[in-house]
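Before any comments, here is the structure.
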Amino acid sequence: MELDVENSYYGQKAKKLFLEGYNCSQSVFLAFEDKYDMDHSMAMRLSSSFGGGMGRLREVCGAVSGMFMVAGLLYGYDEPKNFEAKSEHYARIQELAGEYRVRNGSIVCREILGLGKGKDDPVPSRRTKEYYQKRPCPDLVAMAAAIMEEYIRENPLEG
């Protein structure tokens, strides 16, 4: 997948949102608000739990979770017994995860950030100049959104 993060509309939008104080998941999910029909406040609340690798548990990167939520809204299935649709969607999610993993070595927050094992303190870090200088997160949300943008470009939505 060709990826130009610096010129990605959604990538740069996600990065801007992160720099405004949204968590990693919210930044990616909210960047695509023009693609789905959901109230802004609801979208913020829905994606709020996944920041910091799911509530600072440092599990799946919140940017990846945000990307998956966008994929679910745009391409997901809504019939629980539709095995083919479910299989197709899971393959899509694995493809998106694979793209992110190739570029970052992992989709796990603690591994990407070089943290030890286990959960982090539940209190989020203050967003200071130093925070933004030491964390790759602004670039990671941009990358996740750019991956999703490229996926949408290569797999146009029906209707």
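Rank these for me by crowding, ILE147, ILE152, going from fewest to most other beta carbons within 10 Å.
Fewest-to-most ranking of ILE147, ILE152: ILE152, ILE147.
For PHE83, PHE32, PHE50, what's the fewest-to-most ordering of other Cβ within 10 Å of each Cβ? Display every interim value, and only then the final one.
Working: PHE83 10, PHE32 23, PHE50 27.
Least to most surrounded, the residues fall as PHE83, PHE32, PHE50.
Classify the range 22-87: rounded, prolate or oblate, from the alpha-carbon gyration tensor (a ≥ b ≥ c, eigenvalue square roots; a/c under 1.5 rounded; otherwise prolate if a/b is larger than b/c)?
Oblate.
Once you keep just the Cα pairs under 8 angstrom separated by 6 or more residues, what percentage relative contact order results for the chain?
34
Determine, for LYS13, LYS86, LYS129, the number of other Cβ atoms within 10 Å of each Cβ, and report the residues in order from fewest to most.
So the ranking, lowest neighbour count to highest, is LYS129, LYS86, LYS13.
Can you give the FRET efficiency to the nearest 0.05 for GLU84 and ASP37, using r as the Cβ-Cβ distance and R₀ = 35 Å?
FRET efficiency, GLU84 to ASP37: 0.85.
Working out 0.36 nm times the residue gap between LEU74 and LEU19, then minus their Cα-Cα distance, what length gain in nm do you get to one decimal?
17.3 nm
Along the Cα→Cβ direction, 7 angstrom out, place labels at LYS117 and LEU157. What is the inter-label distance in nm?
Result for the modelled spin labels: 4.2 nm.
Check VAL108: other-chain or 5+ apart residues with amide H under 5 Å from its amide H, H built from backbone geometry?
CYS61
Summing -39500 (n - 2.57) over the DSSP H runs of n ≥ 4 in the chain and dividing by its residue number, what mean residue ellipticity at 222 nm do you reach, to the nearest 500 deg cm²/dmol?
Computed ellipticity for the chain at 222 nm equals -18000 deg cm²/dmol.
Tell me which DSSP H helices of the chain clear both cut-offs, 30 Å or more of axial length from alpha-carbon atoms and a mean Kyte-Doolittle hydropathy of at least -1.0.
Qualifying helices: none.
Quick one: if the Förster radius is 22 Å, what FRET efficiency do VAL102 and TYR9 give, using the C-beta to C-beta distance and rounding to 0.05?
That pair, VAL102 with TYR9, gives E of 0.50.
Say the dipole of the chain comes from +1 at the beta carbon of Lys and Arg and -1 at that of Asp and Glu; which of GLN12, ILE107, ALA97 then lies farthest toward its positive end?
Positive-end residue among those listed: ILE107.
Once you order the gyration tensor axes a ≥ b ≥ c over the Cα atoms, which shape class does the range 5-154 get: rounded for a/c under 1.5, otherwise prolate or oblate by comparing a/b with b/c? Numbers along the way, then the final one.
On the way: a/c = 1.58, a/b = 1.42, b/c = 1.11.
Verdict is prolate for the range 5-154.
Laboratory data are not the source of any read-out in this text; all were calculated from the coordinates shown. Here the structure is a predicted model, which is why all the values come from computation and not from measurement. Note that we place each Cβ from the backbone using ideal geometry, even for glycine, and neighbour counts take in every protein chain shown.
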